[in-house]
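Notes follow once the structure below has been shown.
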Amino acid sequence: MSTLLEVRDLHVEVAGEEILHGVDLTIPEGEVHALFGPNGSGKTSLMMTIMGFSGYEITQGAVLFDGKDITDLDVTERARLGIGVAQQRPPTITGVQLHQVLDYAVDNGLCPREHLQELLAQARLDDFLTRDINGGLSGGEIRRSEILQLMVTQPRFAMMDEPDSGVDVEAMKLVGQMLNELFSLETSHPAKRRTGLIITHTGQILNYIQADKGHVMMRGELACSGNPRLIFDTACTSGYEICVQCINGVEV
Amino acid sequence: MKKTRSAIDNQTTNTETDLIPLNQVDETDAAALAEVGVIVDARQRSGTYIQRDHKPLCIMAQNEGLELLPIAQALEMYPWVRENYYWNLVSPNQDEITQHCAAQKVPQGFFIRVKKGVKIDKPCQASLYMAHTNITQAIHNIIILEEGAELHLITGCVSQHQVHTGLHYAVSEHYIGKHATLTSTMIHSWGPEVIVRPHAGTSVEEGGTFVNNYVSLRPAGDILSRPTTWLNGKGASAKYFTVILGSKGSEITTGGDVYLNAEGTSAEIAHRGVCTGGHLNQEGLLIGNAPCRAHVDCAGMLVDPGVDGYIESIPGLRATHPDARMSHEASIGKIAPEEVEYLQSRGIEEREAISMIIRGFLDADIEGLGPELDARIAEIAELAGHGE
């Protein structure tokens, strides 16, 4: 498989403080990787930097997508290349309604209108179309809204920040089904999956998505990579500090 | 079209030879008028009054029960207009603007009357149009809605794009009868150094409704507008909705005083301002003199206001009756970068994302704006999104 995302020696500052200290990460096309790590270790910062959000200043290193250096591209340009993100705490935008974003995708040929209706029904978000984006939504509703937007915009590379956070058991089933569909095998030849990077704390999402590889981020560095199940189970029983003593010895 | 001929036939001698049918308005003028919602398709309007610089250009009224005349002609035809309505709500000695208007030998402007019980389904349109630079328009309009009448009046005030300077003075007196409804949508689009001074007074009788929408598109250099409304009849209501775009060099003040003088009256003032420079002052004073309900809401958004741009919001309440329930709110903010980037992450261009957010801000919580106003708000959002 060819490499779709490559992060090289990435150093990132937020408000003048270095948060990422030389991250290297490679994700081949068709693979889904899980990103673990304690709070404040830099997982979200890595995701936001890959998407190109301001406030995450790259001081050294580069981000390559499909072989192209995208370090200097803005968010729109990255989105149009095929990078998408489902944020954990997306902003509420007063007066801008969910249907406007979905309509934009339909109008630009990213999703047929009929398919949008099916996805809306599946996500049970019909009633939220004319509400402000993310306004007054529960944790589960935000996850569904974010994933729905990715299903409609169809990015080649989809990133998820804690899709299982703040979601009750019942709602988790629905979120899991949506993610499973988003990362399902495409009926192309040869068959391949959508490429992805998923941040998870609880690991619940691993019950729904087969992750190909796991990484642990500690204090702004990728400290360990390997079998995602093994990493997560070890982190749960022993904690991340023990986990990153490289239980499986697989290099990043 | 019978009314059209009648109106034309009865023109005063100084204007009658200049009048043309609506479909013969030339392309340049038509384009300028369209910018402020005044269209040359008579089928979509119940009546039209267009004044070009100082003279009426087109006058027509197509509905029985709708009367539309130049104010000078109305004063000649109906002595009761002068006796009961002319300078009755606005004092000719209020300031130098009203004094200037009162001193006109032949008053300019229009007279509209909707007769008792007549509900006009299509909007009536009026335009005060400045085609030449550095002129002074001094206008006096009177609008009377008799008991149970209904009218939507679109007033588009515009200068041609090459007109940079000029003076637009306007006195408007609105009389809304019992259970009558006047929706007044005023759309302004002026040159950068045009000075605009509208003076409006409105009285509303029992059960009457006054909805006043004011939108300023191209940012004029200097606008001062403080209309006053008196809700004198039981259950009368007023709504003001103002959308202003200010840019570098603008000096804009929009207010709106409403006197709630009778039991069960209600008033709502909503100001929305976007500042890309210049000074934008939002005012609004509600005076509760009876058991009533009233709310004033000023909201401003700063979009790249430059070094000296600002928005100042001063919503005001004055209650003289213990059963007056009144409230106000004001907020000023900027566009949050994370909101813009969130939309960008869905593939939307930065400018388009900013326009979407501004538009959302401008019409948030305002229902039933109608297609005319909706289109103008979209234009403002587009302009502001492009930093104009």
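Report, in deg cm²/dmol and to the nearest 500, the calculated mean residue ellipticity at 222 nm for chain B, where each DSSP H run with n ≥ 4 adds -39500 (n - 2.57) and the sum is divided by the residue count.
Estimated from H runs of four or more residues: -5500 deg cm²/dmol.
Quick check: the distance between the Cα centres of segment A:45-83 and segment B:286-365, to the nearest angstrom?
Each part's Cα centre sits 34 Å from the other's.
Under a Cβ-only charge scheme (Lys and Arg +1, Asp and Glu -1), can you give me the dipole magnitude of segment A:117-196 about the Cα centre, in debye to the nearest 20?
The calculation lands at about 380 debye.
Give the peptides B:29-37, B:226-234 in descending order of average Cβ contacts within 10 Å, highest first. Write out the running numbers ahead of the final one.
Working: B:29-37: 20.0, B:226-234: 21.8.
Per-residue mean Cβ counts within 10 Å order the peptides as B:226-234, B:29-37.
Short version: ³J(HN,Hα) in whole Hz for each residue of segment B:248-255, in order, from phi by Karplus 6.51 cos²θ - 1.76 cosθ + 1.60 (θ = phi - 60°), x for Gly and Pro, what are they?
3, x, 6, 10, 10, 10, 10, x
B:ALA238's amide H: which non-local residues (gap 5+, or another chain) put their own amide H closer than 5 Å, with H modeled 1.01 Å from N in plane and none for Pro or chain starts?
Close amide H contacts, sequence-distant or interchain: B:PHE210, B:SER266, B:ALA267, B:GLU268.
Suppose we take every Cα in segment A:51-90 and form the convex hull; what volume per residue is that in Å³?
In segment A:51-90, the Cα hull volume divided by residue count equals 83 Å³.
Using unit Cβ charges (K, R positive; D, E negative) and no other charged atoms, how large, in debye to the nearest 20, is the dipole of segment B:2-334 about its Cα centre?
It works out to roughly 540 debye.
Can you tell me the relative contact order of segment A:3-243? Whole percent, Cα pairs under 8 Å, sequence separation 6 or more. Please report the intermediate quantities before stating the final value.
Numbers: 464 pairs, mean separation 64.5, N = 241.
Rounded, it is 27 percent for segment A:3-243.
Please compute, for peptide A:67-79, the average count of beta-carbon atoms on other protein chains lying within 10 Å of each residue's beta-carbon.
Numbers: counts 0, 0, 0, 0, 0, 0, 0, 4, 11, 13, 3, 3, 7.
The shielding value for this peptide is 3.
Counting only other chains, and only Cβ atoms inside 10 Å, what mean value do you get across the residues of A:84-97? Walk me through the numbers before you get to the answer.
On the way: counts 3, 3, 1, 3, 0, 1, 4, 8, 3, 12, 8, 12, 11, 2.
Mean shielding count: 5.
From the backbone phi of segment B:301-309, what are the Karplus-calculated ³J(HN,Hα) couplings (6.51 cos²θ - 1.76 cosθ + 1.60, θ = phi - 60°) in whole Hz, Gly and Pro given as x?
Rounded to whole hertz, the list is 10, 8, 10, 6, x, x, 6, 10, x.
Place +1 on the Cβ of every Lys and Arg and -1 on the Cβ of every Asp and Glu in the protein assembly as shown, take the dipole about the Cα centre, and give the residue among A:GLN117, A:MET160, B:GLN108 whose Cα lies farthest towards its positive end.
Of the options given, the answer is B:GLN108.
For segment B:88-181, what is the Kirkwood estimate of the hydrodynamic radius, computed as the reciprocal of the mean inverse distance between distinct Cα atoms, to one decimal in Å?
By the Kirkwood definition, the hydrodynamic radius is 14.7 Å.
For segment A:3-243, build the charge dipole from Cβ charges (+1 Lys, Arg; -1 Asp, Glu) around the Cα centre, then report which of A:GLY84, A:GLY52, A:ALA235 sits farthest towards its positive end.
Positive-end residue among those listed: A:ALA235.
Treating cross-link reach as a plain straight distance, find the aspartates and glutamates whose alpha-carbon is under 15 Å from the alpha-carbon of B:LYS105, omitting any fewer than eight places away in the same chain.
Reachable aspartates and glutamates: B:GLU76.
Along the charge dipole of segment A:3-243, which of A:ILE133, A:ILE199, A:GLY16 sits closest to the positive end, that is, farthest toward it, with unit charges on the beta carbon of Lys, Arg, Asp and Glu (+1, +1, -1, -1)?
A:ILE199
Relative to the first principal axis of the alpha-carbon coordinates of chain A, what is the inclination of helix A:139-153, with its axis defined by its Cα atoms, in degrees from 0 to 90 and to the nearest 10?
The answer is roughly 80 degrees.
Can you give the local net charge around B:ILE139? Use residues other than it whose beta-carbon is closer than 14 angstrom to its beta-carbon, Lys and Arg +1, Asp and Glu -1.
Values: positive: B:ARG52, B:LYS55, B:ARG197; negative: B:ASP53, B:GLU173.
Surrounding charge for B:ILE139 is +1.
With only Lys, Arg, Asp and Glu charged, each at its Cβ (+1 for the first two, -1 for the last two), find how big the charge dipole of segment A:78-166 is about the Cα centre; round to the nearest 20 debye.
Around 260 debye, computed over segment A:78-166.
For segment A:101-113, just list the computed ³J(HN,Hα) in residue order, Karplus coefficients 6.51, -1.76 and 1.60, θ = phi - 60°, integers in Hz, with x standing in for Gly and Pro.
5, 5, 4, 4, 5, 5, 5, 9, x, 7, 8, x, 4
Excluding residues fewer than 8 places away in the same chain, name every one of the lysines whose C-alpha is closer than 27 Å to that of B:LYS248.
Those lysines meeting the cut-off are B:LYS334.
What does segment A:3-243 give for Rg and for Dmax, in Å, if only its C-alpha atoms count?
Expressed in Å, the Cα Rg and Dmax of segment A:3-243 come to 17.3, 50.
How far is the Cα center of segment B:229-273 from the Cα center of segment B:191-224, in Å?
Distance between centres, Cα-based: 10 Å.
Sorted from fewest to most neighbouring beta carbons within 10 Å, what does the list B:GLU27, A:GLU13, B:GLU339 look like?
So the residues, fewest neighbours to most, are B:GLU27, A:GLU13, B:GLU339.
With chain B treated as a Gaussian network of Cα nodes joined by springs under 10 Å, which of B:MET326, B:MET60, B:MET130 yields the largest mean-square fluctuation?
Maximum fluctuation in the GNM of chain B, among the listed residues, is at B:MET326.
A 28 angstrom limit on the alpha carbon distance is what I want to check against. Which of B:LYS119/B:LYS239; B:LYS122/B:LYS239; B:LYS55/B:LYS116; A:LYS43/A:LYS173 exceed it?
Violating the 28 Å Cα-Cα cut-off are B:LYS55/B:LYS116.
Taking amide H positions as placed in the peptide plane 1.01 Å from N, state which residues far from A:ILE70 in sequence (5 or more) or on other chains have amide H under 5 Å from it.
A:VAL63, A:LEU64, A:PHE65
Quick one: angle between helix A:169-182 and the longest Cα principal axis of chain A, in degrees between 0 and 90, rounded to 10, please.
90
Using 7 Å Cα-to-Cβ label points, what is the B:ASN88/B:LYS115 separation (nm, one decimal)?
Each label point is offset 7 Å from its Cα along the Cβ direction, giving 1.9 nm.
Relative contact order, percent, of chain B when contacts are C-alpha pairs under 8 Å separated by at least 6 residues?
Averaging sequence separation for qualifying contacts and normalising by length gives 9 percent for chain B.
Can you tell me the FRET efficiency between B:GLU329 and A:GLU118 if r is taken as the Cβ-Cβ distance and R0 is 45 Å, rounded to the nearest 0.05?
0.60
Suppose R0 equals 45 Å; then what is the FRET efficiency for B:GLN162 and A:GLU29 from their Cβ-Cβ distance, rounded to the nearest 0.05?
The calculated FRET efficiency here is 0.20.
Send over the semi-axes of the protein assembly as shown's equivalent ellipsoid, whole angstrom and largest first, taken as the square roots of 5 times the C-alpha gyration tensor eigenvalues.
61, 24, 22
With the crude spin-label approximation of a point 7 Å out along Cα→Cβ, what separation in nm comes out for A:ARG8 versus A:SER138?
So the label points at A:ARG8 and A:SER138 sit 4.7 nm apart.
For segment B:2-334, evaluate the Debye formula with one uniform point scatterer on each Cα (no solvent term) and list log10 I(q)/I(0) at q = 0.09, 0.15, 0.16 Å⁻¹, rounded to two decimals.
Relative scattering, expressed as log10 I(q)/I(0), comes to -0.45, -1.27, -1.42.
Every number in this text was worked out from the coordinates using simple rules, so none of it is lab data. This is a predicted model, so every value here is computed, not measured. In this analysis, Cβ positions are derived from the backbone assuming ideal geometry, glycine residues included, and neighbour counts consider all displayed protein chains.
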